[in-house]
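The values are calculated or read from the model by the stated rules, or taken from the named source; none is laboratory data. Keep in mind that what you see is a predicted model, and the values were worked out from it rather than measured. Backbone-built Cβ (ideal geometry, glycine too); neighbour counts: all protein chains shown.
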Amino acid sequence: MPDSFARNLTNLPMNAPDPLPLEFPDFDNSFATLPEAFYTRLNPQPLPAPYPVGVSDEVAALIGLSPEFLQRPEFAEIFAGNRLMPGAEPLAAVYSGHQFGVWAGQLGDGRAHLLGGLRNPQGHWEIQLKGAGRTPYSRGADGRAVLRSSIREFLCSEAMAGLGVPTTRALCVIGADHPVRREEIETAAVVTRVAPGFVRFGSFEHWSSRDRPLELQQLADYVIDTFRPECRDALNPYDALLRDVSRRTGELMAHWMAVGFMHGVMNTDNMSILGLTLDYGPFGFMEAFDAGHICNHSDHQGRYTYRNQPHVAQWNLYCLAEAFLPLIKRPKQAREAIDETYGDAFEATFERLMRAKLGLRAGLDDDEAFVGETFGLLQQHRPDFTLFFRALSRLPAAVDPQNSTKTDAALRDLFVDRSACDAWLSNWRARQAQTPWDDAERQTAMLASNPKYILRNWLAEKAIRQAKDKDFSEVQRLLTCLRNPCAEQPEFEDYAALPPEWASGLEVSCSS
C-alpha cells in the first residue's frame with residue numbers, strides 16, 4: 001500500500017461492516033486467499049440516498065438473486081457499497097500495465113472493489129463494484145464513477161452478451177445525487193460487474209516488472225487451479241496457460257471485428273486473462289464504415305482504431321509472454337506460445353463469423369479474398385456496417401435482372417454509388433451459387449448472425465440524458481431490446497434507425 005494512502009486511510013469514510021441478514025448465495029472468495037501482497041482489503045465508501053437506475057434480471061439469476069430481492073430497499077444500499085452482503089470480503093487488487101504502448105508502472109483497482117466470488121451450477125462468479133470510492137491505487141483520483149459512464153458500461157456489457165461476445169456482465173447501476181467533478185459537475189453512480197474473474201495481463205506484468213517470481217507463480221497457479229485446471233496436465237502448465245490466453249484473445253478479437261465493436265483503450269491492464277471484454281470506457285460500435293475510425297477521442301495517435309485491434313492484441317500478448325518468462329524460462333518458447341496460437345485462432349474464428357454474416361453455407365479456398373473484397377467495398381463507400389449486413393440477410397441468392405433494383409433496394413439505398421453495390425451483389429450471388437442453400441433457410445441463419453440492434457452512441461446518450469432527469473425507463477427499454485439484438489422486435493424499430501443529425505457531434509473519451 002502506498003505510504004501516502006496509508007497515512008490517510010483512517011480519514012476515509014467507511015461503511016459499517018455489519019452484513020445484512022439476507023438470504024444470499026454463499027461466497028467463495030478464492031482471490032482473497034492469495035497473499036495480501038495482491039490486494040488491499042478495504043470497504044467501499046458509502047453513497048447517500050442511493051437508488052436503482054438499471055437492473056439486469058438475467059445477471060441476477062446468474063448469481064442466484066431472486067426477483068423479489070431486486071425489489072427490496074436494501075438492494076440499492078448493497079450495490080452502492082453502503083452495506084455488505086454476508087460473506088463479502090471487499091478488496092482492491094493491484095496490477096500494472098502498458099497504457100497506449102508505454103509502460104505505466106503500478107496501476108490497480110483505482111475505483112473498483114471486489115466484494116468476493118461464488119460458485120453455483122452456472123459457474124464461478126466474482127462480484128465487483130466500480131465507482132465505490134478511493135483505494136490505494138486511485139493515484140490521487142476520487143475513485144468515483146459518474147452516471148453517464150456507468151450507464152454506458154451497464155448497457156454495453158449486456159449488449160455484448162446478447163451478441164454472443166465473451167464479456168464481463170453487469171448486474172445493475174445504482175445512482176445517487178452525490179456530486180462528482182469531471183469536466184463539469186456530474187452525479188455519482190456505481191455499476192456492479194459480474195465475471196468469472198478480473199485478472200488482467202497487467203496482473204502478471206506487475207510481478208514480472210518487480211522481479212517477484214514467487215508471486216508471479218502464485219498468480220499463475222491461482223488462474224490455472226481456479227479457471228483452467230486442464231492446463232495442469234500439460235508438460236509445462238504455464239506454457240499451456242499462455243497458449244490458452246492467446247487463443248481466447250484471438251477469438252475475442254474476431255468477435256469484436258465481426259460485430260464492429262471498438263474497445264477504445266486496449267491497454268494491457270484492460271485485457272482479461274480469461275479472454276473476456278473488460279473495462280467499457282470509450283467504446284463504440286461501427287456505424288458508417290471506416291476501418292481507421294477512432295472511437296476514443298483521447299487516443300490522439302490512433303493506436304486503437306478498428307483496424308488496429310487485432311495487431312494491438314497481439315502486441316499485448318507479447319507483453320504478457322515477456323511477463324511469463326520466469327515461468328516458461330525460454331524466451332523463444334514464450335513467443336512461440338503466441339505465434340502458434342493467436343493468429344490461427346483469430347483467422348479461423350473471423351472466417352467462421354464472416355461466412356455466417358455473408359450467408360456462405362460452406363467454406364471455399366477463395367473466401368478470404370471475397371471477405372477482403374467486401375471490406376474494401378465498405379471502406380470505399382461507407383455504408384452503415386450493421387444495416388449493410390442486416391439488409392443483405394433478406395436478399396435472395398438469385399434475382400431477375402429486371403427486378404433487381406426493387407429487390408435489392410434496402411441494400412442499395414445505403415450507397416451513394418449504387419452501381420458499386422450492384423457489382424458487389426453480383427459477385428456475392430455468384431459465390432452463393434457455388435455452395436447453394438435454400439433461401440429461406442439461409443436468410444434465417446443470416447438474420448441470426450447479423451444483429452438489427454447495437455448500442456449506438458446516440459441510443460446510449462438518449463438514455464443518459466433521460467436518466468439525468470431521473471427518468472430511467474429508457475435504460476431498461478434499451479436493455480430489453482439489446483438482449484435479443486437479432487430478433488425483429490417491432491416495438492423497438494426506432495433503435496434500428498441511422499443516427500440522427502444531432503448525434504454527429506457526440507464524442508467519448510477516457511473520461512467516459
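In the stretch 47-63, the residue that is nearest to Ala220 (Cα to Cα) out of those that are assigned to a loop (DSSP other than H, G, I, E, B) and modelled with pLDDT of 95 or more is Ser56.
Number of residues in the stretch 320-331 that are more than 12 Å from Thr249 (Cβ to Cβ), at pLDDT 95 or above and either within 24 Å of the chain's Cα centre (by Cα) or basic (Lys, Arg) (or both) equals 1. Contact map, the stretch 220-235: first residue outside the structural domain of Thr33 (by TED's automatic domain parsing), second residue part of a helix (DSSP H, G or I) and aromatic (Phe, Trp, Tyr), Cβ cut-off under 7 Å, separation 6 or more or different chains; pairs are Ala220/Tyr238. Residue count for the stretch 374-431 under the criterion of being of a type in the set (D, E, K, R), part of a helix (DSSP H, G or I) and loosely packed, with under 15 Cβ neighbours inside 10 Å: the result is 1.
Do we have Lys470 as outside the structural domain of Gly175 (by TED's automatic domain parsing), under 30 Å from Ala188 (Cα atoms) and surrounded by fewer than 17 Cβ atoms within 10 Å (Cβ to Cβ) here? It is true that Lys470 is outside the structural domain of Gly175 (by TED's automatic domain parsing), under 30 Å from Ala188 (Cα atoms) and surrounded by fewer than 17 Cβ atoms within 10 Å (Cβ to Cβ).
Select from the stretch 267-303 the residues that are over 11 Å from the mean Cα position of the chain (by Cα), crowded, with 21+ Cβ neighbours inside 10 Å and aliphatic (A, V, I, L, M) and write down the one among them that is nearest to Ser149 (Cα to Cα). Among residues in the stretch 267-303 that are over 11 Å from the mean Cα position of the chain (by Cα), crowded, with 21+ Cβ neighbours inside 10 Å and aliphatic (A, V, I, L, M), the one nearest to Ser149 (Cα to Cα) is Met286. Per the conditions (1) assigned to a loop (DSSP other than H, G, I, E, B); (2) closer than 16 Å to Ala195 by Cβ, the sole criterion not satisfied by His124 is (1). Looking across the stretch 142-159 at every residue that is under 16 Å from Glu58 (Cα atoms) and small (Gly, Ala, Ser), the one that is nearest to the chain's Cα centre (by Cα) is identified as Ser157. Would you confirm, using the coordinates I've provided, whether Val223 is within 24 Å of Leu115 (Cα to Cα), of a type in the set (A, V, I, L, M), outside any helix (DSSP H, G or I) and in contact with a helix residue (DSSP H, G or I) (Cβ under 9 Å, 6 or more places away or on another chain)? When the stated conditions are applied, Val223 does not pass them. Residues in the stretch 354-366 that are touching a residue at least 40 places away in the same chain (Cβ under 8 Å), surrounded by fewer than 20 Cβ atoms within 10 Å (Cβ to Cβ) and part of a loop (DSSP other than H, G, I, E, B): Arg361, Ala362, Leu364. Here Glu351, Glu347 are screened, and the one residue that is surrounded by fewer than 15 Cβ atoms within 10 Å (Cβ to Cβ), part of a helix (DSSP H, G or I) and within 22 Å of the chain's Cα centre (by Cα) is Glu347. For the stretch 347-363, the set of residues classified as over 21 Å from Leu411 (Cβ atoms) and modelled with pLDDT of 95 or more consists of Glu347, Ala348, Thr349, Phe350, Glu351, Arg352, listed by residue number. Condition test on Arg465, is it surrounded by 15 or more Cβ atoms within 10 Å (Cβ to Cβ), outside any loop (DSSP other than H, G, I, E, B) and of a type outside the set (A, V, I, L, M)? For Arg465, the condition - surrounded by 15 or more Cβ atoms within 10 Å (Cβ to Cβ), outside any loop (DSSP other than H, G, I, E, B) and of a type outside the set (A, V, I, L, M) - is not met.
Residue-by-condition table, conditions (1) in contact with a strand residue (DSSP E or B) (Cβ under 6 Å, 6 or more places away or on another chain); (2) buried (at least 23 other Cβ atoms within 10 Å of the Cβ); (3) closer than 16 Å to Gly202 by Cα:
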site: Gly110; (1), (2), (3): no, no, yes
site: Arg119; (1), (2), (3): no, no, no
site: Lys130; (1), (2), (3): yes, yes, no
site: Thr135; (1), (2), (3): yes, yes, no
site: Ala141; (1), (2), (3): no, no, no
site: Arg152; (1), (2), (3): no, yes, no
